Amino acid sequence: MHPLAARLARGDEAAFAELYDECADRLFAYLTAKLGSRDRAADVVQETFLRVATGRRLFRNVDNPVAYVFQIARNEAIRFTARERRGANVVVVPAELFAVENPFNQEMAELAAAALSRIDREDREFVELRIFAGLTFREISELTAIPQATVATRYRRAIQQLRPWLEKQIS
Amino acid sequence: MEEQHDETVERHLAALPLTPAPQDLRTAVLSGVRRQLKSQRWERTLARAAVALIVVGVGLNAALLAPGSGTRKDRGDGQLKIETITQAAVVIARSSDPQTATQFARRLALLNGVRLSHDDEAGIELRINEQVSNGVPKRRG
């Protein structure tokens, strides 16, 4: 059993803090892009970890605790969206997803957010999981129950849709 | 060529720094986790107390209703008692944990004058563990 997973299953409080520190930033970024707002992302992160604590014994069967947390977070985000009755394809990626230190970065961030928002919602999730969450294609495949080859194809398709953004950036 | 374009897009996107999670979110999340774990520990304590009361209650009933049954294990009646003990332990496992359920089974057997063999105990533990893991799929990361 994964050592951190074993400690989580036992209810070791320090283990939950370690898990949070390991994945919080990536999780928050993924959820901000997915839900369109930092406030909603914060709500879902809290719900996610509450579920992680409630179902801690399930970690006995988990090989990769971080990927498992993303799985729970994704399900919570879907539930959150359903509760708010938001249409699945209308979520705009907020520019606040990116940390900006100067006006130039601000402009790049806004362009990136706008470009991401234009990608097909379902394909965009693969970019969110790959680039913001830092998951491998295999982990994304297990999380979404979509074959790995399909994940890679749809990810490539999403990246290709971002090319105009890059060209604008360079120009 | 196409792949190079895609890699360039990926690199530029990955290079954009992401806003980190707010610090107060960490405090809020870990407080919630702490409360949840505390609540679970309390529930387990209550479950163990309930188990202890049940054991005492069943033991008293057994002593009152069957004064002549002694500690001699009759093969047919003994098997029935072991099955009853096992079923009771499985119920306890559902609301607490395998360790509590196993302890419950041993105490209940003792109070009922049932001597559990090594195989009997192994069988009870197997049924308890089956109950705990039943319906939980293997989770992979």
Filtering the stretch A:19-35 down to residues that are closer than 19 Å to residue B:16 by Cα, without any contact (Cβ under 8 Å) to a residue 40 or more places away in the chain and not acidic (Asp, Glu) yields A:24, A:28
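Taking into account only those residues within the stretch A:32-51 that are among the hydrophobic types (A, V, I, L, M, F, W, C) and more than 12 Å from the chain's Cα centre (by Cα), which is surrounded by the most Cβ atoms within 10 Å (Cβ to Cβ)?
The selected residue is A:49.
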Among the residues of the stretch A:119-171, count how many are facing another protein chain (nearest Cβ under 10 Å) and among the acidic types (Asp, Glu). 3
With the structure loaded, tell me whether residue B:64 is at pLDDT 85 or above and among the aliphatic types (A, V, I, L, M) or whether it fails that test. no
Name the residues in the stretch A:45-66 that are closer than 29 Å to residue B:99 by Cβ, in contact (Cβ under 8 Å) with a residue 24 or more places away in the chain, out of contact with any strand residue (DSSP E or B) (no Cβ under 7 Å at 6 or more places or on another chain) and in a helix (DSSP H, G or I), would you? A:48, A:49, A:51, A:52, A:53, A:56, A:57, A:59, A:60, A:65, A:66
Considering the stretch B:107-135, residues that are touching a Ser or Thr at 6+ places or on another chain (Cβ under 9 Å) and among the basic types (Lys, Arg), and then whichever is nearest to the other protein chains (Cβ to nearest Cβ), we arrive at B:127
Restricting the stretch A:55-84 to residues that are in contact with a helix residue (DSSP H, G or I) (Cβ under 6 Å, 6 or more places away or on another chain) and more than 14 Å from residue A:30 (Cβ to Cβ), the residue that is nearest to the other protein chains (Cβ to nearest Cβ): A:62
Selected residue [assigned to a helix (DSSP H, G or I) and facing chain B (nearest Cβ under 9 Å)] from A:22, A:101, A:96, A:107: A:96
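The values are calculated or read from the model by the stated rules, or taken from the named source; none is laboratory data. None of the values given here were measured: they were computed from a predicted structure. Ideal geometry is used to build each Cβ from the backbone, glycine not excepted, and the neighbour counts take in all protein chains shown.
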